[in-house]
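To start, the structure itself, in structure tokens.
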Amino acid sequence: MDRNAKIIKLKLDIIFKRVFGDQKNDEIITAFLEDLLEMERGSIQEIFIQNVELPPDSLDQKFSRLDLKMRVDGKIINIEMQVNAEWDFGDRTLFYWAKIFSSELGSGDEYSELPKTICINIINFNFFEDAAYHSHFQVLEKHRHELLSEKLDIHFFELKKINRSAKHKPMEDWLTLINAETEGDLMDLETSTQIPEIHKAIVLLRELNADEKLQQQVHYREKRLHDEATALGNARRKGIEEGKTLGIEEGILLTLAKFVEDGIITIQDAAERANMSVSEFKNKAHLT
């Protein structure tokens with residue numbers, strides 16, 4: 001095999017979902033979650049994936065999110081693979097956690113019946129200043145560090161830091177697999193890892209790599225992500241420039257409004273990013 005040959009990347013959201021969003025890969029998914037969340041092997045008894053299908057138009061939309069939601073032993077786990085950096089990613093993650101958590105409360109249910117909700121964010125950019133690749137957030141009392149509730153659990157895994165702060169944990173082999181971009185990367189991991197499910201995932205990834213139709217979808221998705229990165233970069237620069245004269249908040253609002261007018265994002269998405277209701281966003285951004 002050619003070590004330098006490019007492969008379809010597992011960090012691309014549609015490929016990530018093909019591997020970790022297919023119920024027939026339950027052994028791979030179970031091992032992945034147990035290692036990523038540092039659980040004992042054999043801890044997970046049942047996994048039910050709730051959003052297996054990709055929306056038909058999702059690959060054609062900028063700023064679409066292909067997350068993976070599953071019910072694991074009564075807990076809710078939502079995984080998002082994010083390639084492009086976003087300035088509001090922390091707030092958006094907290095918003096999605098709250099949305100998922102609250103949606104589990106049925107009419108007449110008690111609050112105690114709400115399940116533990118875990119959000120896993122695997123991101124291909126540096127988000128925190130700390131060198132650690134894994135950041136784990138819960139709700140703690142500021143001085144006593146007493147846990148308010150175990151039901152909020154948010155993890156960030158920063159792929160670009162994995163080689164700089166390795167601690168020889170099983171999760172690192174999985175993140176290295178997600179980071180792989182060449183056949184040589186896969187070959188090196190095959191030699192070094194002791195995790196059998198990663199060997200199975202590598203076989204599966206090679207099979208997907210041989211699918212010409214899938215390769216076309218990958219090419220199209222990557223182009224969309226490049227367009228998204230360019231749009232976000234332009235928006236950030238425009239917001240900074242407008243913020244110099246209008247104020248940062250108004251500059252960002254005008255930039256989001258321009259996105260809506262150009263059809264890049266919906267007004268609902270823009271309002272969410274501005275932490276406003278749709279009517280409030282329309283009023284402040286001077287949209288009709």
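The values are calculated or read from the model by the stated rules, or taken from the named source; none is laboratory data. What you see is a predicted model, and the numbers here were worked out from it, not measured in a lab. Because the Cβ atoms are built from the backbone with ideal geometry, glycine has one as well, and the counts that use them run over all protein chains shown.
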Inter-residue pairs, beta-carbon under 6 Å, first of a type in the set (S, T, N, Q) and in segment 134-151, second in a loop (DSSP other than H, G, I, E, B), 6+ apart: S135/F128
Surrounded by 12 or more Cβ atoms within 10 Å (Cβ to Cβ), of a type in the set (F, W, Y) and in a loop (DSSP other than H, G, I, E, B): is that true of F125 in this structure? yes
Considering only residues of segment 61-74 that are out of contact with any strand residue (DSSP E or B) (no Cβ under 6 Å at 6 or more places or on another chain) and modelled with pLDDT of 90 or more, which is nearest to L175 (Cα to Cα)? D73
Within segment 76-118, residues in a helix (DSSP H, G or I), surrounded by 17 or more Cβ atoms within 10 Å (Cβ to Cβ) and touching a strand residue (DSSP E or B) at 6+ places or on another chain (Cβ under 9 Å) come out as F89, T93, Y96, W97, I100, F101
Quick check on segment 245-263. Is at least one of its residues acidic (D, E), in the same structural domain as E280 (by TED's automatic domain parsing) and at pLDDT 75 or above? yes
Over segment 174-192, the set of residues of a type in the set (D, E) and within 19 Å of L208 (Cβ to Cβ) is E181, E183, D185, E190
Extreme residue, surrounded by the fewest Cβ atoms within 10 Å (Cβ to Cβ), among residues of segment 175-208 that are part of a helix (DSSP H, G or I) and touching a strand residue (DSSP E or B) at 6+ places or on another chain (Cβ under 9 Å): E183
Quick one: how many residues across segment 29-44 are under 15 Å from L205 (Cα atoms) and surrounded by fewer than 20 Cβ atoms within 10 Å (Cβ to Cβ)? 0
Being assigned to a helix (DSSP H, G or I) and either charged (D, E, K, R) or over 15 Å from N51 (Cα atoms) (or both) is the filter here; which residues of segment 1-14 pass it? D13
Which of (1) without any contact (Cβ under 8 Å) to a residue 60 or more places away in the chain; (2) in contact with a Phe, Trp or Tyr (Cβ under 7 Å, 6 or more places away or on another chain); (3) among the charged types (D, E, K, R) is the odd one out, the single condition D22 does not satisfy? (2)
